[in-house]
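Chemist: The following block contains the structure, expressed as structure tokens.
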Amino acid sequence: MSRNYKWVKVMKKSAIFLMALSIYLVTDITFSSNAVKADTSSYELFCSSTAYTAGAGSLTASGRTVERNPNGISTVSVDPSVIPLGTYLYIEGYGYAVAADSGSAIKGNEVDVYFSSSNECNNWGRQNVKVTVLAAVSSH
């Protein structure tokens, strides 16, 4: 893997984190000539939460690679009729996440958080969590 590819990957992840932070703080961030604005209609849900793991490099229903990043944005599975795919979330006890996956077992106010190992999933167990829906990002 070339250094240039790694740098591009770091920059993309940094931009995503800044967009999520923009949503949380309800501000605009400008990248070159494109502005990204947060939808100000954030709200809270109380959800039942479970955890799942998948093989490295596995893709979600939205085409993203599964990821657990406690210092950035992780991927989670939701019921898209409740939380649309692509929506940024803050999950108490887990951190920032993007609704990137769905599953037949996820119905209603449920969120399935992704972890890199079965041990982490077992430690999470099943719990009730407060989910702040930060809203989807829209480009202008």
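The values are calculated or read from the model by the stated rules, or taken from the named source; none is laboratory data. If you're wondering where the values come from, they're calculated on a predicted model, not measured in any experiment. As a convention, Cβ positions derive from the backbone with ideal geometry for all residues, glycine included, and neighbour counts pool all protein chains shown.
Chemist: Pick out the one residue from Ala56, Ala51 that is at pLDDT below 90 and among the aliphatic types (A, V, I, L, M).
Modeler: Working: Ala51 fails: at pLDDT below 90.
Step by step, each of Ala56, Ala51 is checked, and only Ala56 is at pLDDT below 90 and among the aliphatic types (A, V, I, L, M).
Chemist: Take the residues in segment 81-125 that are closer than 17 Å to Thr65 by Cα and β-branched (Val, Ile, Thr), then tell me which one is surrounded by the fewest Cβ atoms within 10 Å (Cβ to Cβ).
Modeler: Among those that are closer than 17 Å to Thr65 by Cα and β-branched (Val, Ile, Thr), it is Thr87.
Chemist: How about segment 61-138: which strands (runs of 3 or more DSSP E) wholly inside it have at least 2 residues that are at pLDDT 95 or above and more than 13 Å from the chain's Cα centre (by Cα)?
Modeler: 127-135
Chemist: Also: Before we move on, is Ile16 in a strand (DSSP E or B), at pLDDT below 90 and touching a strand residue (DSSP E or B) at 6+ places or on another chain (Cβ under 9 Å)?
Modeler: No.
Chemist: Please pick out the residue among Ser22, Ser41 that is in contact with a Lys or Arg (Cβ under 8 Å, 6 or more places away or on another chain), outside any strand (DSSP E or B) and either modelled with pLDDT of 90 or more or not aliphatic (A, V, I, L, M) (or both).
Modeler: Working: Ser41 fails: in contact with a Lys or Arg (Cβ under 8 Å, 6 or more places away or on another chain).
After applying the criteria, what remains is Ser22.
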